[in-house]
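The values are calculated or read from the model by the stated rules, or taken from the named source; none is laboratory data. Computed from a predicted structure; not experimentally measured. Positions of Cβ are backbone-derived with ideal geometry, glycine not excepted, and every protein chain shown enters the neighbour counts. Side chains are part of the model used for accessible areas, which takes the heavy atoms of the whole protein and leaves out ligands, DNA and RNA. Shrake-Rupley method; radii C 1.70, N 1.55, O 1.52, S 1.80 Å.
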Amino acid sequence: MSPAFGAMEVEHYSKGVLLEPFVHQVGGHSCVLRFNDETICKPLIQREHQFYETLPAEMRKFTPQYEGVVSVSFEEDEDGNLCLIAYPLNGDRDNLESLDNSDCEPKNKLLRWSNKKTVLLENEKLTKEWVRQHRKEEKMKSHKLEEEFEWLKKSEVLYYSVEKKGNVSSQFKHHNPWSMKCHQQQLQRMKENAKHRNQYKFILLENLTSRYEVPCVLDLKMGTRQHGDDASEEKKANQIRKCQQSTSAVIGVRVCGMQVYQPGTGQLMFMNKYHGRKLSVQGFKEALYQFFHNGKYLRRELFEPVLKKLTELKSVLEKQESYRFYSSSLLIIYDGKELQEVAADSDPEDLEGLSEESSDESAGAYAYKPTASSVDVRMIDFAHTTCRYYGEDSVVHEGQDTGYVFGLQNLIAIIKEIRDESSE
């Protein structure tokens, strides 16, 4: 039994756990779902599953903790809405072990809904009233839905105003377009296959955002090559083209997604992968600057902890013989909650543990002194990872993943440039 299930009461998990959209997913095409506050889940891909079960000990601090496997089924709730329900693997284990999710890949990039059971994306253009009205309709025209997703695709950078007095974190669920898009695509894929199967395996992973009040997340696609060794010629050509037309080919890294809370403006900012692909090297640097900026000032206190973790990760990967992390991402996460402001004439005891570097010198405010735990740097998405220990692989690579390490070197250099330029 997985730790996530083991921590729950039998009466609860015997009935299944309703999986919800993971509101802090900012990149990737595979749907990530919320299992509970500390755990997320995603469709099991055999290669990624193998990676988590065999990864080197020194890499564990740079990857989410693996927490097991669950069986997920596609069901209807009382209102006829489509839901994903997770159950523990038990008597059906033998049958489930033979399943893979290869037929769970999208058949097209646009989502087509055909009845009232679909939950629609809620954002500025699709209000709650619009959603309620259209849920009641039996059918919807596919071209209308294509227009909505074309709009989403073109809206590559979105800003949403939030209620600063309320719980900012809870408002992500109403605004994160990428999370909702991936969730709807997952429902659609499973719906299309419902006649043939209604049971899937999902892996359980640590929710890296759970300890942050208002998670700011940067998803970076790492490496100069994105296609796996088993990619078709068409897929290979497509991935090569994306790398050549983005910063991946030049510096070994590109923006795949971003969410930032800016208390200075009271806004949430989302950037998707389509915008990230268009960025020049200078544009990539500006995006990083934007990620570390909270609308009032640059969060300079985050630079050293981030650089320390990136440098340590680079050292670890340089020692990994034969591993290739094709198409994997690197997450950088920090808390976007507004920092405490302290008056210049405050009692010295009140300033204990705070940085003397003013976050807004004119106001006499101080930022919290950063610690190693104030930021997180983790590798994710290993569906195309390979190494010599994967016996079924036809291609065996030698040495370190130079493309990934190259990306880390340039990422470290660019963050140092931002740090140094901001202190001048």
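Within segment 284-303, the set of residues being open to solvent by 10 Å² or more (accessible area, probe 1.4 Å) and free of Cβ contacts under 8 Å to residues at least 40 places away in the same chain comprises Glu286, Gln290, His293, Gly295. No other residue among Phe5, Phe74 is assigned to a helix (DSSP H, G or I) and modelled with pLDDT under 95 apart from Phe5. Could you please let me know if Val377 is assigned to a strand (DSSP E or B) and either modelled with pLDDT of 90 or more or of a type in the set (A, V, I, L, M, F, W, C) (or both)? In short, yes. The set of residues in segment 256-282 being more than 30 Å from Asn238 (Cα to Cα) and hydroxyl-bearing (Ser, Thr, Tyr) consists of Tyr261, Thr265. Applying the set (1) open to solvent by less than 10 Å² (accessible area, probe 1.4 Å); (2) in a helix (DSSP H, G or I); (3) more than 26 Å from Asp335 (Cα to Cα) to Asn238 leaves exactly one unmet item: (1).
Here Glu321 fulfils each of the conditions (1) open to solvent by less than 70 Å² (accessible area, probe 1.4 Å); (2) under 23 Å from Ile412 (Cα atoms); (3) not aliphatic (A, V, I, L, M) apart from (1). Can you confirm whether segment 383-394 contains a residue that is open to solvent by less than 60 Å² (accessible area, probe 1.4 Å), modelled with pLDDT under 95, over 30 Å from Lys273 (Cα atoms) and of a type in the set (A, V, I, L, M, F, W, C)? No, segment 383-394 contains no residue that is open to solvent by less than 60 Å² (accessible area, probe 1.4 Å), modelled with pLDDT under 95, over 30 Å from Lys273 (Cα atoms) and of a type in the set (A, V, I, L, M, F, W, C). Annotation: of all residues in segment 317-351 being over 16 Å from the mean Cα position of the chain (by Cα) and not in a loop (DSSP other than H, G, I, E, B), the one that is modelled with the lowest pLDDT is Leu351.
Return the residues of segment 27-65 that are part of a strand (DSSP E or B) and in contact with a Phe, Trp or Tyr (Cβ under 7 Å, 6 or more places away or on another chain); say none if nothing qualifies. Leu33, Arg34, Ile40, Cys41, Lys42, Pro43 - these are the residues of segment 27-65 that are part of a strand (DSSP E or B) and in contact with a Phe, Trp or Tyr (Cβ under 7 Å, 6 or more places away or on another chain).
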